[in-house]
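The values are calculated or read from the model by the stated rules, or taken from the named source; none is laboratory data. Being a predicted model, the structure only gives us computed values, none of them experimental. In this analysis, Cβ positions are derived from the backbone assuming ideal geometry, glycine residues included, and neighbour counts consider all displayed protein chains. Ligands, DNA and RNA are stripped out before the accessible areas are found, and what is left, the full protein with its side chains, is counted by its heavy atoms. Shrake-Rupley method; radii C 1.70, N 1.55, O 1.52, S 1.80 Å.
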Amino acid sequence: MASSSSKLFKQECEKHEEKKIFYCPDHEVTLCRLCIQENHWLCSGLKPIIEVARHAKNSVDLLDVETGFEELGKTLEELKNNRIQNISEIKDDKKTIHTKIESLREQFDKHLNDIESSIFKDLDTYANCNLSEGHQLLSDLKEKEQSIEQTRTTINMIKQINDGLSDVQVFLVTKEFRTKLHELEKWSSAICQLDASKVTSLQLKINPNIEKMFSELRSYVQLQVYRESCQINVRAWEQKRAQVNVPTIIYIKSRNIDNIQLKLERRFLLTKDTHRGCIIVPDGRMVFALCFGNQLSVYKEDGTISTNIKVGKCPNDLAVINNNTVAVSCRDSKSINIVNIDEEIVKQSIDVGEACHGLSYHKSKLYVLIKNKGICEFDLDGCLNRTIPKDVPDSNDYLSIYSDKFVYTSNECAWNCNITCCDLSGKQIWSSPFADSGIAVDQFGNYFAAHYWSNTLKIISKDGKREKDILSKRDGISRPEGLYFDKSNNTLLVTCERGMAALYRVI
């Protein structure tokens, strides 16, 4: 412990073994003379350690760092509890899936038993019918055999007494026998034409596609693993300020929209198409919905394209599920596609029944605006949990969720467009014509909202009572569509319909 403590108070540079004499606020490190010459000669604001350290014993910085470790310990404890809970949930999921598979097996067994019973019933019917015909024909043949035998016996008798009969008598009896012979021959010929005389066999015809069905049956049931981004926020407690002037930490719960400005980070051109929604996944990649191309375009952080992924017809709005999985509402396909952007495939398609537009993901649930229905809540398995009735037209609408409120836009035409806020039960809180296209909400509940027809980007106060233009056509905004606010980096992604996108720093 003593050795460890003495190492903390060492004032010599470990690399150059010279005394540390300067502090670099840009990199938050202490430096010796050679450190400055090697790596920090371009850094601004270098200060002598003796100046920065003045009044350090009376500074609250050590207390602040101690608080940081305390908070980090709580965070790790929360993360540990979260993992314990998740392990329990995985075990429960395993049991649930096991039960579902057993239920599915029971359904298969019942269906196969029903098929077997139906086939055996048909087999009995066909066999009995043909056996009955065969037995009846055998009975008829026996009768005819007896008749023929009797006739032959009679002919033998006539032959024995032939000398005692006249020619006329023999002629008449011969004619009678010949007539009877013709009748029997005619009967025999007719019998041979009957189905009962045909060689009958019972055969089981099996459709060759059944083998294909068995081989494909496994693909009908798939196990999938969904990963959601960790919601635990690990706060950075390292101080980016000199100890001589440590400000008091203030937790801001609201922010006046008059003080919010945007600083352009970069602007880039997208693939030629009509663009709608946009998002930023946690690793910094940007995803855009190409309406007429029926695809998603994935871009790297530097604005260069990475890949295109085919999805359903007319993709409109996007939502982030985790680092490599996004959801997209496909208006003309009437579905929500779950897309893995690493594997570049649609992993799941959720049929919603009608044209769908605005989309948001919140607390493991998908919320989507559906024409003639309202706001519908789905889980990731595609099950509809509830519907919040709202008047949703067939237009390019967008949806966002903040705290316990929905906010959505309607863009039916230039003179009939608005932005509406309602609670989770659908009760309207406020509505105004301030915006009609993409929406994004910041960490304070203020709304960035696009006004397609006026080529402006607005910011609207949390209560919906105040608004101001924050970008306009002179800033390069033309027919704005998708918006996405990245809370982790305090940046706003803006997409315009014809393929211009820009990333802004919110200041």
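Roughly how many debye, to the nearest 20, is the charge dipole of region 290-427 about its Cα centre, given +1 on each Lys and Arg Cβ, -1 on each Asp and Glu Cβ, and no other charges?
Charge dipole, region 290-427, about its Cα centre: 240 debye, nearest 20.
Among the protein heavy atoms, those of Trp430 account for about 20 Å² of accessible surface (1.4 Å probe, every chain in place). Neighbours of Glu467 by Cβ distance under 12 Å: Lys/Arg scored +1, Asp/Glu scored -1, total +2.
Relative contact order for the chain: 9 percent, from Cα pairs under 8 Å spaced at least 6 residues apart, divided by residue count. With a/c under 1.5 counting as rounded, go ahead and sort region 53-180 into rounded, prolate or oblate using the C-alpha gyration tensor (a ≥ b ≥ c being the square roots of the eigenvalues; past the cut-off, prolate if a/b is larger than b/c, else oblate). Prolate. The overall shape of region 63-126 is prolate: from the C-alpha gyration tensor, with semi-axes ordered a ≥ b ≥ c, the ratio a/c is 1.5 or greater and a/b exceeds b/c.
Computed from backbone phi with θ = phi - 60° and the Karplus coefficients 6.51, -1.76 and 1.60, the 3J(HN,Hα) list for region 435-451 is 8, 8, 9, x, 9, 8, 10, 8, 6, 9, x, 7, 10, 7, 9, 8, 10 Hz; x is used for glycine and proline. Counting only lysines at least 8 places from Lys91 when in the same chain, those with an alpha carbon closer than 16 Å to its own are Lys100.
Using θ = phi - 60° in the Karplus curve 6.51 cos²θ - 1.76 cosθ + 1.60, the 3J(HN,Hα) couplings for region 165-178 round to 10, 7, 4, 5, 4, 5, 4, 5, 5, 5, 4, 5, 5, 5 Hz; x is entered for Gly and Pro.
Partner lysines whose Cα lies under 21 Å from the Cα of Lys142, excluding those fewer than 8 positions away in the same chain, are identified as Lys180, Lys186, Lys198. Hey, how many Å between the Cα centroid of region 428-481 and the Cα centroid of region 110-129? Here the answer is 68 Å between Cα centres. Taking the charge dipole of the chain about its Cα centre, with +1 at Lys and Arg Cβ atoms and -1 at Asp and Glu Cβ atoms, the residue from Cys129, Cys422, Cys376 reaching farthest to the positive side is Cys422. Summed over qualifying helices (DSSP H, 4 residues or more, each -39500 (n - 2.57)) and divided by its residue number, the chain shows a 222 nm mean residue ellipticity of -10500 deg cm²/dmol.
Could you order peptides 442-452, 337-347, 130-140 by the average number of other Cβ atoms within 10 Å of their residues, highest first? Provide the component values of the computation, followed by the final result.
Values: 442-452: 22.2, 337-347: 17.0, 130-140: 12.5.
Descending packing order for the listed peptides: 442-452, 337-347, 130-140.
Summing +1 for each Lys or Arg and -1 for each Asp or Glu, what net charge is found among the other residues whose Cβ lies under 10 Å from the Cβ of Ile260?
0
Structural descriptor for region 341-495: relative contact order 12 percent, calculated from alpha carbon pairs under 8 angstrom and at least 6 residues apart. The Cα trace of region 429-480 gives Rg and Dmax of 10.5, 33 Å, the first to one decimal, the second as a whole number. Residues whose amide H falls under 5 Å from that of Glu497, counting only those 5 or more places apart or on a different chain, are Glu481, with hydrogens built in the peptide plane. Put simply, when 195-205, 290-300 are sorted by average Cβ atoms within 10 angstrom per residue, most first, you get 290-300, 195-205. Annotation: amide H-H contacts under 5 Å for Glu265 (H modelled 1.01 Å from N, sequence separation of 5 or more, or interchain): Leu503, Tyr504, Arg505. Residues Lys19, Lys272, ordered by accessible area of protein heavy atoms at a 1.4 angstrom probe radius and largest first, appear as Lys272, Lys19. Dipole magnitude for the chain: computed about the Cα centre from +1 point charges on Lys and Arg Cβ and -1 point charges on Asp and Glu Cβ, it is near 1680 debye.
Net charge around Leu296, counting only other residues with Cβ within less than 12 Å of its Cβ (Lys, Arg = +1; Asp, Glu = -1)? List each step's numbers first, then the result.
On the way: positive: Arg276, Arg285, Lys310; negative: Asp273, Asp317, Glu344.
It works out to a net charge of 0.
Straight Cα distances below 21 angstrom link Lys47 to the lysines Lys10, Lys15, Lys19, Lys20, Lys57, Lys240, with same-chain residues fewer than 8 positions distant left out.
Which translational diffusion coefficient, to the nearest whole µm²/s, is obtained for the chain from the Stokes-Einstein equation, given a Kirkwood hydrodynamic radius over C-alpha pairs, 4 °C and 1.567 mPa s? For these conditions, the coefficient is 42 µm²/s.
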